[in-house]
Amino acid sequence: MRKTMTGHKAVAEAMRQIEPHVVAVYPITPQSEIAEYYAEYVHDGIVRTELVAVESEHSAMSACVGAAAAGARVMTATASQGLALMVEILYIAASMRLPIVMALANRALSGPINIHCDHSDAYLARDAGAVQIFTESAQEAYDYTLIAQRIAEHKDVRLPVIVNLDGFTLTHSVQVVEPLEDARAKGYVGDFSPNYPLLDVDHPSTWGPFAMPDYYFELKRGQQAGIEAVPPVFLAAQKDYAELAGRPYEGFLEPYRLEDAERALVVMGSTAGSAKETVDALRADGEKVGLLKVRLYRPFPYTAIADALAHVDRVAVLDRALSFGTYGALYSDVATALLHRERKPILMNYIYGLGGRDTTPQQLDQVLREMKSGDPDQGLRYIGLRE
Amino acid sequence: MAAKLKGWKDLPMGGVVPGGATPELNKTGSWRAERPIWNEEKCIQCLQCWLHCPDDSIMIKEQKMTGMDYDHCKGCGVCAGICPVDAIDMVPEGSAACARR
Amino acid sequence: MKEIRWHGRGGQGAKTVSQILAQINLREGKHVQSFPEYGPERSGAPVRAFNRIAEGEIRIHSGVYEPSVVIVVDESLLDSENTTEGLASDGVLVVNTKCSAEEIRDRTDFGGTIIVLDAITIADEAGTGFPNIPMLGAAAAVLGSALETAEEEVRHTMGAKLSSDMLEKNLVALRGGYEAAKGVRVGR
């Protein structure tokens, strides 16, 4: 049944249906309402979750690690500075192969302090070892929270999964969402069978031991195998969900009118929706333009990206954060993906939307028009920036 | 002595040690430069050594000290220092073997 | 797709009624969005909220800059805010005021349709005191929703939180606003 709800509520609904054993969470704008909704569910006895009200995000992630090692199904949520505080423990959670699913209400990192959306927080955690998925709408945030649970808990993966949703733009805006009935959502997610649970006292195990130069390298290689196992697991979980919910989800990427495109945008998050409007409008004018939306950001789908873009003449990669001193992080990954292809597009890198700066279809229209010509060696370009 | 090191595919997921109990397997007694020698006749069974030993190397049976766990004792000498009746002597490792004989 | 902008002051419930307006339109099978503009969240500070209403899926996530309907919940904002900014010349400006439409036209220089209603008096007579619900009624009327659908949604949304007496008063306020604005329709 179609309902109206905010992105917060959509994520909280998915969490309610997953009903993890433990949620450890600390409030931060624009994530707080996710925690608030969930605390209400706990208070009202709707879920049997142990809600751990911690004193910081560092503690939130630490509690998640402890509970997950104990054998619990665990979730959390955060944003911006909260993720920055979590990152130390997020690396450990990934190395310990703990399937912690978390919503990240994307918000600009300080400073200057700001509460609005960009992707600097997600980029901060990009090498932490967590799987990262970007969503375009409250509906996708709901759907991919359920899908993330399946990916995180797959026996070959067992990694934290971050579901990104743009702060305010998706978290605070009321949109139409069609959730699954509880039983179908629960059936989809299934039961969790932990590895070496600490609470299984008949089978003791040691977690998080010291690893010296003789074993550290091998253990990190094992972790790499975990994230390399994600792509087929992602596709299978997505396919099952698409069939169950009747959604048109297929693949790590969502190409939009890209087959015969001469120029294309690459973008993540809610701006992809606005970009579709732009593409439609320009197509109506006879312009051969298209869009590639990146859903799975970590592990980065190099081959799929190259396959999707190799035939395009010019590609503008849109990064919603600066990676100071180099190109945008998404641009660098796309460039790497295309490096060994014989035929490859001319690439340009645009920085947009920092700290909640609005990006309109008109601005994207301008990008798609000006990239027709223009020197790719110009370095970073900016959308909607005052000179 | 050096065990063959495992390759990455042979390690349990997440660096977990199934079965646990790693301190027991790690024979830290090989680090010892001085060996505590317990004099049972002098000992008054106050268990101060057991209380203070940082390596859990004072062996106890039915609330009585029964000796030293030389597999794990690192020879720090805390037991000898805390003993109120000087019932524990620290002896250099090299000569300890002779002293025992 | 219709785009609507609400002007109110923090605490007047503009954001709340923009959400209810979205739900009314969802009931009619439309696709909807409702979102506020977040700034300093202080009681009395000027706030803006937005709606998008469409027959098909709404993919756009950027701000609303060229609304076809602007609803001013607090008349004093006509002087302090540019309430007609980007409003289409064939659009509709709905103002909570005791002034006439001509007087509002003089004050705003807006050439399109102007609807005035005294939402404060409507709310006072209904016994609710808040102008946002009459303005919601006016918005529903301007956008062509059936009064019954608007009533159903208000019952659904507010019923759980209000006593049945207060709910009925709110429905009277809603009807008052709807009747005052009835007859004006906005094209697509």
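The values are calculated or read from the model by the stated rules, or taken from the named source; none is laboratory data. As the structure is a computational prediction, the values presented were derived from the model and not from experiment. Cβ sites come from the backbone with ideal geometry, for glycine too, and all protein chains shown count toward neighbours.
Could you list, in sequence order, the residues of region B:1-42 that are crowded, with 16+ Cβ neighbours inside 10 Å, at the interface with chain A (Cβ under 9 Å from one of its Cβ atoms), not hydrophobic (A, V, I, L, M, F, W, C) and not in a loop (DSSP other than H, G, I, E, B)?
B:14, B:15
Of everything in region A:192-208, what is over 16 Å from residue A:160 (Cβ atoms) and surrounded by 13 or more Cβ atoms within 10 Å (Cβ to Cβ)? Give them in sequence order.
Within region A:192-208, A:196, A:197, A:198, A:204, A:205, A:206 qualify.
Of the numbered conditions (1) surrounded by fewer than 17 Cβ atoms within 10 Å (Cβ to Cβ); (2) among the β-branched types (Val, Ile, Thr); (3) touching a Cys at 6+ places or on another chain (Cβ under 8 Å), residue C:184 fails exactly one; give the number of that condition.
(3)
Restricting to region C:61-78, give me the number of residues that are free of Cβ contacts under 8 Å to residues at least 40 places away in the same chain and within 11 Å of another protein chain (Cβ to nearest Cβ).
4
Within region C:1-44, track down each residue that is farther than 16 Å from residue C:154 by Cα and of a type in the set (Val, Ile, Thr).
Result: C:4, C:32.
Please enumerate the residues belonging to region A:207-224 that are touching a residue at least 60 places away in the same chain (Cβ under 8 Å) and assigned to a helix (DSSP H, G or I).
Within region A:207-224, A:219, A:220, A:223 qualify.
So how many residues does region C:42-60 have that are in a loop (DSSP other than H, G, I, E, B) and within 12 Å of chain A (Cβ to nearest Cβ)?
Result for region C:42-60: 5.
Consider region C:61-83. How many of its residues are crowded, with 19+ Cβ neighbours inside 10 Å and not in a helix (DSSP H, G or I)? Let's see the steps before the verdict.
Going through region C:61-83, the residues crowded, with 19+ Cβ neighbours inside 10 Å turn out to be C:61-62, C:64, C:67-75, C:77-78, C:83.
Applying the additional criterion that residues be not in a helix (DSSP H, G or I) yields C:61-62, C:64, C:67-75, C:83.
Number satisfying all stated conditions: 13.
Could you please find all residues in region A:138-154 being outside any loop (DSSP other than H, G, I, E, B), away from chain C (no Cβ under 12 Å) and either within 15 Å of residue A:231 (Cα to Cα) or of a type in the set (A, V, I, L, M, F, W, C) (or both)?
A:141, A:144, A:146, A:147, A:148, A:149, A:150, A:151, A:152, A:153
Any idea how many residues of region A:342-385 are of a type in the set (D, E, K, R) and within 17 Å of residue C:65 (Cα to Cα)?
3
Under 19 Å from residue A:69 (Cα atoms), free of Cβ contacts under 8 Å to residues at least 12 places away in the same chain and in the same structural domain as residue A:85 (by TED's automatic domain parsing) - does that describe any residue in region A:170-191?
yes
Can you tell which of A:317, A:367 is over 29 Å from residue A:159 (Cα atoms) and not assigned by TED's automatic domain parsing to the domain that holds residue A:145?
Selected residue: A:367, the only one of A:317, A:367 that is over 29 Å from residue A:159 (Cα atoms) and not assigned by TED's automatic domain parsing to the domain that holds residue A:145.
Only one of (1) modelled with pLDDT of 95 or more; (2) within 14 Å of another protein chain (Cβ to nearest Cβ); (3) farther than 30 Å from residue A:71 by Cβ is not met by residue B:83, so which one is it?
With respect to (1) modelled with pLDDT of 95 or more; (2) within 14 Å of another protein chain (Cβ to nearest Cβ); (3) farther than 30 Å from residue A:71 by Cβ, residue B:83 is out only on (2).
Within 14 Å of another protein chain (Cβ to nearest Cβ), over 23 Å from residue C:63 (Cβ atoms) and assigned to a loop (DSSP other than H, G, I, E, B) - does that describe any residue in region A:247-255?
Yes, region A:247-255 contains a residue that is within 14 Å of another protein chain (Cβ to nearest Cβ), over 23 Å from residue C:63 (Cβ atoms) and assigned to a loop (DSSP other than H, G, I, E, B).
Hey, among the residues in region A:155-202 that are away from chain C (no Cβ under 14 Å) and among the β-branched types (Val, Ile, Thr), which one's farthest from the chain's Cα centre (by Cα)?
A:201
Please determine whether any residue of region C:147-158 is charged (D, E, K, R), at pLDDT below 95 and surrounded by fewer than 16 Cβ atoms within 10 Å (Cβ to Cβ).
No, every residue in region C:147-158 fails to be charged (D, E, K, R), at pLDDT below 95 and surrounded by fewer than 16 Cβ atoms within 10 Å (Cβ to Cβ).
Would you mind stating whether residue A:261 is touching a residue at least 24 places away in the same chain (Cβ under 8 Å), away from every other protein chain (no Cβ under 14 Å) and either under 24 Å from residue A:70 (Cα atoms) or under 18 Å from the mean Cα position of the chain (by Cα) (or both)? Let's see the steps before the verdict.
Values: touching a residue at least 24 places away in the same chain (Cβ under 8 Å): yes; away from every other protein chain (no Cβ under 14 Å): yes; either under 24 Å from residue A:70 (Cα atoms) or under 18 Å from the mean Cα position of the chain (by Cα) (or both): no.
For residue A:261, the condition - touching a residue at least 24 places away in the same chain (Cβ under 8 Å), away from every other protein chain (no Cβ under 14 Å) and either under 24 Å from residue A:70 (Cα atoms) or under 18 Å from the mean Cα position of the chain (by Cα) (or both) - is not met.
Could you count how many residues in region C:84-103 are under 13 Å from residue C:142 (Cβ atoms), among the β-branched types (Val, Ile, Thr) and assigned to a loop (DSSP other than H, G, I, E, B)?
Summing the residues that are under 13 Å from residue C:142 (Cβ atoms), among the β-branched types (Val, Ile, Thr) and assigned to a loop (DSSP other than H, G, I, E, B) in region C:84-103 gives 0.
For region B:43-75, give me each residue that is farther than 21 Å from residue B:93 by Cα, part of a loop (DSSP other than H, G, I, E, B) and not β-branched (Val, Ile, Thr).
Scanning region B:43-75 gives B:43, B:45, B:46, B:47, B:62, B:63.
Look at residue A:319 and say whether it is surrounded by fewer than 23 Cβ atoms within 10 Å (Cβ to Cβ) and among the acidic types (Asp, Glu).
No, not satisfied.
Considering each of A:307, A:365, A:375 in turn, give the residue that is surrounded by fewer than 17 Cβ atoms within 10 Å (Cβ to Cβ), of a type in the set (Asp, Glu) and more than 30 Å from residue A:128 (Cα to Cα). Please lay out each step first, then the result.
Details: A:307 fails: more than 30 Å from residue A:128 (Cα to Cα); A:365 fails: surrounded by fewer than 17 Cβ atoms within 10 Å (Cβ to Cβ).
Going through A:307, A:365, A:375 in turn, just one is surrounded by fewer than 17 Cβ atoms within 10 Å (Cβ to Cβ), of a type in the set (Asp, Glu) and more than 30 Å from residue A:128 (Cα to Cα): A:375.
Considering A:165, A:235, A:170, A:244, which residue is under 30 Å from residue C:56 (Cβ atoms), in a loop (DSSP other than H, G, I, E, B) and among the aliphatic types (A, V, I, L, M)?
After applying the criteria, what remains is A:170.
Hey, could you check region A:203-221 for residues that are within 27 Å of the chain's Cα centre (by Cα) and farther than 11 Å from residue B:16 by Cβ and say which is farthest from the other protein chains (Cβ to nearest Cβ)?
Checked region A:203-221; the qualifying residue farthest from the other protein chains (Cβ to nearest Cβ) is A:220.
Only one residue in A:279, A:294 is at pLDDT 95 or above, closer than 30 Å to residue A:154 by Cβ and among the aliphatic types (A, V, I, L, M). Which one?
Working: A:279 fails: closer than 30 Å to residue A:154 by Cβ.
Criteria check complete, one pass: A:294.
Just give me the residues in region C:1-41 being in contact with a Leu (Cβ under 9 Å, 6 or more places away or on another chain), in a strand (DSSP E or B) and within 12 Å of chain A (Cβ to nearest Cβ), in sequence order.
Scanning region C:1-41 gives C:32, C:34.
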